[in-house]
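See below for the structure under consideration.
Derivation of every value follows stated rules applied to the coordinates shown; laboratory data play no part. Being a predicted model, the structure only gives us computed values, none of them experimental. Virtual Cβ from ideal backbone geometry, glycine too; neighbours counted across all protein chains shown.
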Amino acid sequence: MEEEEEEAMLNKEEEEDDDEEDYNIVKFQNSPLRNRAIMVDEVAWRLKNGDLMMRIEAAKEVRKMVRKSSNSNSKSAVRCRFAASGAIEPLVSMLNNWFPLSAREAALLALLNLAARNLRNKTRIVSLGAVPPLVELLKCQTGNLRELAGAAILALSSAASNKPTIAASGAASLLVEVLCSGSVQGKVDAVTALYNLSISEEGPKLIVDVKAVPPLIHLLKECKKYFKFAEKTTFLLEIFSSSEEGRMAITNVDGGILTLVETVEDGSSISMEHAVGVLLSLCRSCRDKYRELILNEGAIPGLLRLTAEGTSVAQERARTLLDLLRYSPPESRLTSSELERIVYDFTVHVDGTDKAVETAKRLLQGIVRKSMELSFSRVKIRASSCTPSKIQST
C-alpha cells in the first residue's frame with residue numbers, strides 16, 4: 001500500500017483533544033533514546049499486566065507515542081520498540097468480543113498505528129490472530145468501529161504473506177457491505193483492501209459479489225480518472241467483466257459504459273488499460289449486444305488515441321476493440337468514410353490542422369494492418385483444422 005494511503009488511513013481516525021498533552025508524551029519526545037525505550041517498556045507492561053482500565057489507557061498511550069513522534073524515523077523506532085516489548089499480543093487480545101467496545105476501539109487504533117509502514121508488525125499482528133476479531137468488527141453496526149476495522153484490513157492486506165489468511169476469513173463480503181453503505185473514506189478503504197486481496201499470487205482466486213459493481217462505478221465517476229484510486233477501481237471492474245453476471249451489472253448502472261469511456265480518454269496509463277479491457281471484454285462476449293452501447297458513448301476518439309499513446313497492452317486492446325466495433329452487420333456498420341472523418345476530426349483536435357492528414361493516415365493504416373493480421377490469423381486457424389488425411393480423402 002502506498003505511503004500516502006496509510007497516512008490518509010491514520011489521519012481519518014477521530015482526533016483526540018491535544019490542548020492538554022500528557023506530560024509523559026512531551027517527556028518522551030525530548031528524552032534520550034534510552035528513556036524512550038524505558039517508557040515504551042512501561043506501557044507494554046501495563047498492556048500485559050494491568051486491569052481493564054489500565055490496559056485501555058495503555059493502548060491509547062501507544063497511539064499517542066507513535067503519533068507524537070517528531071519524524072518518520074522516530075515513529076519507525078517507536079513501532080519497532082513496541083513490537084520488541086511484546087505490546088502487539090495483548091493489543092490483539094483486546095480486539096476480541098469479550099472486551100467492551102471502548103477497549104476494542106483503543107486496541108484497534110493502537111494496532112493501526114503500529115502497522116503503518118511496518119511490514120514486520122503487519123505480519124506479526126496477523127500471525128497472532130487479529131483477523132477473526134477484525135472480521136467480527138466488520139459486522140459491527142457502529143459505523144466508526146466497522147470502518148476502523150476496514151482500515152485495519154486494508155493496512156494488513158498490503159503484506160503479501162497476510163493476503164491468503166484475510167481472503168479465507170470471509171472479509172471480502174463484509175468489505176463489499178462497507179463499499180455499498182459506508183462513508184466515502186470507508187468505501188475508499190474497502191476498494192483498496194479488495195484490490196490488495198485480488199492481486200494475491202497465493203491461495204484461491206478471490207470471489208467478490210457483483211453488488212460491488214454499482215458503488216465501484218459511482219466512485220470511478222466521482223474521482224479523478226488519473227488518480228491511483230481509479231487504477232484500483234478499474235482493475236476490479238475488469239475482473240467483474242470476465243463473467244456475464246459482472247458484465248450485466250456494469251451495463252445496468254446508469255452511465256457505466258460512459259464512465260469507462262471517459263476513463264479511456266482521461267485516465268492514467270494503467271486505468272486506461274483496465275478500462276479498455278472492460279470494454280473489450282463486453283464486446284468480445286456479445287458484439288451485437290454491446291457494440292452500439294459502446295459506440296453511442298463516443299468511444300472511438302479515445303480508442304484511436306490509445307492506439308498511439310497507450311501502454312503496449314492498452315494499444316493492442318484498443319486496436320482489437322476498434323476492429324470489433326467496425327466489423328458489424330451491414331445495417332449498423334461504421335462505414336469507411338465515417339471512420340475516416342472521425343479519425344481526421346480527432347487528429348485535428350490533437351495535432352492541429354497541419355499534421356492532421358499525416359497522423360490520420362498513420363492511424364488508419366494501423367487499423368487496417370491490424371484487421372488484415374486478424375483476418376490472416378483466422379485463415380490460418382481454418383486451414384490448420386484441415387488435417388492432411390482430411391485433404392487426401394476429399
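Some observations on this one:
- Gyration tensor verdict on the stretch 241-305 (Cα atoms; rounded if a/c is under 1.5, prolate if a/b is larger than b/c, oblate otherwise): prolate
- Cβ-Cβ FRET estimate between Asn49 and Glu202, R0 fixed at 41 Å, reported to 0.05: 0.65
- Fewest-first ordering of Val276, Val191 by other beta carbons within 10 Å of each residue's beta carbon gives Val191, Val276.
- Cross-link table Lys139/Lys232; Lys187/Lys211; Lys75/Lys232; Lys64/Lys228, entries beyond 20 Å C-alpha to C-alpha: Lys139/Lys232; Lys75/Lys232; Lys64/Lys228
- Tensor-based shape of the stretch 210-334 (alpha-carbon gyration tensor, a/c under 1.5 rounded, otherwise prolate or oblate): oblate
- Karplus-derived 3J(HN,Hα), 6.51/-1.76/1.60, for each residue of the stretch 65-82, Hz, glycine and proline x: 4, 5, 5, 8, 4, 6, 8, 5, 5, 5, 4, 4, 5, 5, 4, 5, 5, 4
- Simple label model, 7 Å out from Cα along Cβ direction - Leu119 to Lys224, nm: 2.9 nm
- Alpha carbon centroid spacing (whole Å) that separates the stretch 207-267 from the stretch 95-136: 31 Å
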